[in-house]
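The values are calculated or read from the model by the stated rules, or taken from the named source; none is laboratory data. On a predicted model such as this, the values are computed, not experimentally measured, just so you know. All Cβ positions, glycine included, derive from the backbone under ideal geometry; neighbour counts span all protein chains shown. Keep in mind that these areas ignore ligands, DNA and RNA; they rest on the heavy atoms of the full protein, side chains included. Shrake-Rupley method; radii C 1.70, N 1.55, O 1.52, S 1.80 Å.
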Amino acid sequence: MEQQKEKIICYLRRRLEKIEEHVEQDGQILEKNRKEIVELKNRISDLEHKVDFAYEAFSPISIQQQVIRTETDHLREEVEEKVKEKERLKEEIKELQGEAGEIRGLLLQDTSEKESELLQKEENKLIERSSSFVEQQELERQRIARELHDTTVQSLTALIHKIEFCSQILSSDPIRVRLELEIMSQVIKDSVNGMREIIYNLRPMTFDDIGFNETLKQAVNRMQRGFDTKIVLETEGESYPVDQVVQLTILRIIQEAINNCKKYANAKMIDITLSYKEETVELVIMDDGIGFDTQKITIQKEKNTGFGLSMMRERINLLNGTFEIESRLGFGTEIQVNIPIK
């Protein structure tokens, strides 16, 4: 009986090793596939720009335009095939990981004790996550307070002093008073712009005015200014209203991802896709930058903003969603977010 049990255990371990090797191979193919999709979309974007430019220049090169359209259609078909292959690989990896989990479960001993330990670990994680979230909220409040003190409050204080000064010299030096009033007018305009920026960072008013999708486009356009990397934003599926917290979280993830690309990725293109699905909203952000080793680099929170990637992960968890980062040196980075709409 013991020999038969050992044989089963040996078989399960060999099967587990093969599954892990298969998962690693599929993961490498998936990374290559993802990078090829980004490159293909970049080529499509360049070709479409050439067609638009030809129209704007009123150039009679219809044959060249037709060639470009044909090549663009071919590339789109290739992208669709790559996307299908990518989804197939993900499903295969998911199935293999599920089987590996079942085998590991069979190999475990003293399951009751281990389950108790796992439950305790999960409880500790939940407590730590809640504490971290409260800490991040406090850091965000401190950041807003500093911004208001260093900009708006200081400007208003300076205006009070200038008004008092003008009241003293009003009769003796009206020309100086006029110059001071012009300066005060500019200070007020700057303060208004600063307050608008703070309000936008808290929650863009355009969510209510022009809608979520258009607000995302405007935000991406703002971040594109002075940034050489091309940013492409696409939406898939028929859009529908989503909770305001979800809207703001998606916007912050996009902003944080683009900021990280500016600082570290050295990417030529950032591809952002927002998909409206039946039960979830899916956000995928891909870049063709230098990437990083996820096993060695721990994502740290950005204390200066309170909205680092670690904070994003916590917010997504609180929304019962999933947040995943896939990256490899030389293969760029992909962020995947799924948030249930209910």
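Given the residues Ser191, Ser185, which is the only one that is under 30 Å from Val245 (Cβ atoms), modelled with pLDDT of 85 or more and either in contact with a Gly (Cβ under 9 Å, 6 or more places away or on another chain) or open to solvent by less than 90 Å² (accessible area, probe 1.4 Å) (or both)? Walk me through how you get there before you give the answer.
Working: Ser185 fails: under 30 Å from Val245 (Cβ atoms).
The unique qualifying residue is Ser191.
When residues of the range 234-262 are filtered for being assigned to a loop (DSSP other than H, G, I, E, B) and either touching a strand residue (DSSP E or B) at 6+ places or on another chain (Cβ under 7 Å) or acidic (Asp, Glu) (or both), how many remain?
Just the residues of the range 234-262 that are assigned to a loop (DSSP other than H, G, I, E, B), to begin with: 237-243.
Imposing the further condition that a residue be either touching a strand residue (DSSP E or B) at 6+ places or on another chain (Cβ under 7 Å) or acidic (Asp, Glu) (or both) reduces the set to 237-240, 242-243.
The total comes to 6.
Return the pair list, or none, for Cβ contacts closer than 9 Å from residues in the range 283-295 that are more than 17 Å from Arg252 (Cβ to Cβ) and free of Cβ contacts under 8 Å to residues at least 60 places away in the same chain to residues that are open to solvent by less than 30 Å² (accessible area, probe 1.4 Å) and assigned to a loop (DSSP other than H, G, I, E, B), at least 6 apart or on different chains.
Matching pairs, first to second residue: Gly289/Thr229; Gly289/Ala267; Gly289/Gly332; Ile290/Ala267; Ile290/Gly332; Gly291/Gly332.
Of all residues in the range 206-224, how many are open to solvent by 30 Å² or more (accessible area, probe 1.4 Å) and under 18 Å from the mean Cα position of the chain (by Cα)?
7
Here's the yes/no breakdown for (1) open to solvent by less than 30 Å² (accessible area, probe 1.4 Å); (2) modelled with pLDDT of 90 or more; (3) not polar (S, T, N, Q):
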{"site": "Tyr276", "(1), (2), (3)": "yes, yes, yes"}
{"site": "Val281", "(1), (2), (3)": "yes, yes, yes"}
{"site": "Lys296", "(1), (2), (3)": "no, no, yes"}
{"site": "Pro340", "(1), (2), (3)": "no, yes, yes"}
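Given the residues Ile29, Ile44, which is the only one that is buried (at least 16 other Cβ atoms within 10 Å of the Cβ) and modelled with pLDDT of 75 or more?
Ile44
For the structure I just gave you, tell me whether Arg34 is open to solvent by less than 90 Å² (accessible area, probe 1.4 Å), at pLDDT below 75 and of a type in the set (D, E, K, R).
Details: open to solvent by less than 90 Å² (accessible area, probe 1.4 Å): yes; at pLDDT below 75: no; of a type in the set (D, E, K, R): yes.
No; evaluated as a whole, the condition is false for this residue.
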